[in-house]
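Laboratory data are not the source of any read-out in this text; all were calculated from the coordinates shown. Predicted model, so just to flag it, every value in this text is computed and none were measured.
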Amino acid sequence: MEHLECDRCGRWYSDQENVDWAKQQTDTWKELCRRDGVEPRGLVACPVIPCEGEMILISGRRRRPNTPKEALERYPRLVGHLICASLGYFTPETAANAVLNYIRGEPNWCEWYTHMARGWDTDKLLQVGRHALEDAVRGRHHHQGYMAHYPQAQALVEHVLKGGAGPAFASWF
Ligand SMILES: [Zn+2]
């Protein structure tokens, strides 16, 4: 079993067609990277538009995260940036759950998303969830200062990863 996994946003492809395509494209990608003076990490670039991740080929048993805790362990930086993008509405646990829903292509029914989707329509919630993740990735260099301070989010995420209790309602208010 092989699959492709983005090393930044967690986007996941396990269908053979995409895996084969990435393998065909990889020489071109690696040449482009080296021309820019950077060492390629994966086979190709992540197709999610604002994401600067690369698709890593993984063979064998590495499982897709199945629980919010596994999503938190696998993507701590993304969780931190999503907390910032939510202006502290998400806690490490609820942000990790939103990342997990995103990876699985499932809607997340939190108040923030249902507010943005203006209801509980599944397609709208999926779209809102994608946009939230994209905003988190796109805004990652601007997450500082009031309500969106990445170092604060990062410290919280690390605290929870080490087994500490996360905040109950929101990250910082
Ligand atoms: Zn990505």
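Computed from the C-alpha gyration tensor, the three semi-axes of the ellipsoid equivalent to the chain are 29, 18, 16 Å, from longest to shortest.
One way to sum up the overall shape of the range 68-161 is the equivalent ellipsoid from its Cα gyration tensor, whose semi-axes run 21, 15, 10 Å, largest first. What does the C-alpha gyration tensor say about the overall shape of the range 1-103? Classify as rounded when a/c is under 1.5, otherwise prolate if a/b is larger than b/c, or oblate. In terms of gyration-tensor shape, oblate. With Cα atoms defining each centre, the range 119-163 and the range 47-86 are spaced 12 Å apart in the structure. Taking 25 Å as the straight-line reach from the Cα of Lys69, the lysines in range (excluding those fewer than 8 positions away in the same chain) are Lys162.
Computed on the range 17-149, with alpha-carbon pairs under 8 angstrom and 6+ residues apart, the relative contact order is 21 percent. Over the range 2-59, how many percent of alpha carbon pairs lie in each 5 Å bin up to the one with the longest distance? Taking all Cα pairs of the range 2-59, the binned fractions are 4, 22, 30, 26, 13, 3, 0 percent. What number, rounded to the nearest 500 deg cm²/dmol, is the helix-based mean residue ellipticity at 222 nm of the chain, given -39500 (n - 2.57) per DSSP H run of at least four residues and division by all its residues? Rounded to the nearest 500, the figure is -15500 deg cm²/dmol. Between Thr28, Thr91, Thr114, the GNM of the chain built on Cα springs shorter than 10 angstrom shows Thr28 fluctuating the most.
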